[in-house]
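These notes are about the structure you will find just below.
The values are calculated or read from the model by the stated rules, or taken from the named source; none is laboratory data. Note that this is a predicted model, so its numbers are computed, not measured. Positions of Cβ are generated from backbone atoms using ideal geometry, with glycine treated the same way; all protein chains shown enter the neighbour counts. To get the accessible areas, we keep the full protein, side chains included, count just its heavy atoms, and leave off ligands, DNA and RNA. Shrake-Rupley method; radii C 1.70, N 1.55, O 1.52, S 1.80 Å.
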Amino acid sequence: MKHYDVLILGAGAGGLMCAAQVRQNSSLSVAIIEGNTRPALKLKASGGGKCNLTNVEVDESHFLGDENLVKQALSVFGQKALLDYFKAGGLRPVIRKERYYFCPKSSDEIITILMGKTSGCDLLLGYKILSVEGQNPFVVTTDKGKFTAEKVVVATGGASYKELGASDIGLKIAQSYRIKTVPFSPALVGLTLQPKEFWMKELSGISFPARIHVAGKTLDEDLLFAHKGISGLVVLSASLYWHKGEIVIDFLPDFDVNILKKEKKSISTAIPLPKRFMKAFLEAIGLEDKGCNRLNPQEFEKLLSIRHYAMAPSGTFGLAKAEACRGGVACEELNPLTMEAYTVPNLYFIGETVDVTGELGGYNFQWAFSSAVMCSKTIML
């Protein structure tokens, strides 16, 4: 069995960043074990192949999880540090929609930088991780043999994107050491409909900016109607906070419907939304498509629901369609300064393996990189 100072399980964003930090700043021997035959498949596929690596606005309020843990990781390696790190490697991220940082050409740019900085680490690709046992040293068993290490970092991610090799092995490792976990469930995913909202299924392909209020959060982005329900960036972020019950959709953010009271045009013409949507919406709320100035007070009150349409989704599109997962190793099991398990010294969990999930828009890669850097600093002590 080959022995290493540090074994990092997973060659995704967090695993590669952790390995890069340890390798660049210490003389420790490091190996990265990855079940896929290529590293960083999720990084490569994300953002339409251009990787949304972080956001213009980054703080703990954009994450579901222990705020203290997230805040600490961001204080160690926040948005500016992340951008500076990759700029030093030659990447010049571009901003889209005034909020999202992307690679200018392709995700390969960020992967190339990370792979360059892990030079000197043993990269074991196509090694399926089966178990981690023991302590001092740990024994990591794969389908191609066993390895030992003084320290192990579990960066195996969540259970979404199974076609990219995702699995729940990180939770199984934690559970084998009696570390509390939260089952993985879909996040950043479309929402399915109750029969009352089946009218939305006929609008598949229509998209426009909307605002969703859910669980005390207010989210703004594009909403997309799909065959299975509702999707789009605003719905995906809303799904992170929705478990059951109602969400409230504002189909006309920042538009004052009251200015239409004297408008002679029909409702579907006067309101600046796709006419097909307006026709379906009016039918759903039982309102005739007539001149706005012909609406009586009760009818106008009905129309105002376009700014606060309450609906209860029936569920989600499922893990197969999810961009990320809720769940993971319970935050209270980890030292918020190090990502080390309280009950198992030298065993660390980072990134999506931990029960921290960000909204859509680069937050989950930011978390992966931030938690990896915070973990690496401790490993090198």
Query - For segment 267-334, size of Cβ-based charge dipole, Lys and Arg +1, Asp and Glu -1, in debye - result: 400 debye
Query raised in the report: Carbon and sulfur: what percent of the chain's accessible surface (1.4 Å probe)?
Result: 51 percent
Requested in this report: Could you please report the charge total around Val354, scoring K, R as +1 and D, E as -1 over all other residues with beta-carbon less than 10 angstrom from its beta-carbon?
Outcome: -4
Query raised in the report: Assigning unit charges at the beta carbon (Lys, Arg +1; Asp, Glu -1) and nothing else, what dipole magnitude in debye, to the nearest 20, does the chain show about its Cα centre?
Result: 860 debye
Query - Cα-based Kirkwood hydrodynamic radius, segment 237-381, one decimal, Å - result: 19.2 Å
Requested in this report: With a/c under 1.5 counting as rounded, go ahead and sort segment 37-105 into rounded, prolate or oblate using the C-alpha gyration tensor (a ≥ b ≥ c being the square roots of the eigenvalues; past the cut-off, prolate if a/b is larger than b/c, else oblate).
Outcome: prolate
Query raised in the report: Roughly how tilted is helix 13-25, in degrees to the nearest 10 and between 0 and 90, from the longest Cα axis of the chain?
Result: 40 degrees
Query raised in the report: Could you give the Stokes-Einstein D for segment 1-156 in µm² per second, using the C-alpha Kirkwood radius, 10 °C, 1.306 mPa s?
Result: 95 µm²/s
Query - Calculated diffusion of segment 163-289, Stokes-Einstein form, Kirkwood radius summed over Cα pairs, 25 °C and 0.890 mPa s, µm²/s - result: 144 µm²/s
Requested in this report: Give the percent of DSSP beta bridges with both residues in the chain that are antiparallel, rounded to the nearest 5.
Outcome: 70 percent
Requested in this report: Give the long-range amide H neighbours of Ser131: residues separated by 5 or more places, or on another chain, with amide H under 5 Å away, using H modelled in the peptide plane at 1.01 Å from N.
Outcome: Thr141
Requested in this report: Taking the chain as the reference, fit the longest principal axis to its C-alpha atoms, fit the long axis of helix 275-285 to the helix C-alpha atoms, and give the angle between the two in degrees, 0 to 90, nearest 10.
Outcome: 80 degrees
Report summary line: If amide H atoms are modeled at 1.01 Å from N in the peptide plane, then the residues at a separation of 5 or more from Thr316, or on another chain, having amide H under 5 Å from its own are Thr192
Query - Karplus-derived HN-Hα couplings along segment 148-158 (A = 6.51, B = -1.76, C = 1.60, θ = phi - 60°), whole Hz, x at Gly and Pro - result: 10, 7, 6, 9, 10, 10, 8, 10, 8, x, x
Query raised in the report: Of Gly14, Gly245, Gly318, which is the most mobile in a GNM of the chain whose springs link Cα atoms less than 10 angstrom apart?
Result: Gly245
Requested in this report: Order these peptides, 367-380, 138-151, 255-268, by their mean beta-carbon neighbour count within 10 angstrom, highest first.
Outcome: 367-380, 138-151, 255-268
Report summary line: Checked segment 1-58 against the a/c 1.5 cut and the a/b vs b/c comparison, axes a ≥ b ≥ c from its Cα gyration tensor; verdict oblate
**Report entry** Cα gyration tensor shape for segment 70-152, rounded if a/c is under 1.5, else prolate or oblate
**Finding:** prolate
Query raised in the report: Does anyone have the angle between helix 108-117 and the longest principal axis of the chain? Alpha-carbon axes, 0 to 90°, nearest 10?
Result: 20 degrees
**Report entry** segment 124-198 - Kirkwood radius from inverse mean 1/r over Cα pairs (Å)
**Finding:** 14.7 Å
Query raised in the report: Under 5 Å between amide H atoms, partner at least 5 residues away or on a different chain: which partners does Gly157 have, H built in plane at 1.01 Å?
Result: Glu352, Thr353
Requested in this report: Net charge near Ala320: determine it from the other residues with C-beta under 14 Å of the C-beta of Ala320, scoring Lys and Arg +1 and Asp and Glu -1.
Outcome: +1
Report summary line: The ratio Rg/Rh over the Cα atoms of segment 208-269, Rh being the Kirkwood inverse mean 1/r radius, stands at 1.07
**Report entry** Mean shadow area of the chain over all directions, Cα convex hull, nm²
**Finding:** 19.2 nm²
Report task. Output ³J(HN,Hα) for segment 34-43: one whole-Hz value per residue in order, computed from phi by the Karplus curve 6.51 cos²θ - 1.76 cosθ + 1.60 with θ = phi - 60°, and x for Gly and Pro. Result -> 9, x, 6, 8, 9, x, 6, 5, 6, 4
Report task. Rounded to whole Hz and in sequence order, give me ³J(HN,Hα) for segment 119-131 from the Karplus expression 6.51 cos²θ - 1.76 cosθ + 1.60, θ = phi - 60°, writing x for Gly and Pro. Result -> 4, x, 7, 7, 9, 9, 8, x, 9, 6, 7, 9, 6
Report summary line: For Gly35, the net charge from surrounding residues (Cβ-Cβ under 10 Å; K, R +1; D, E -1) works out to -1
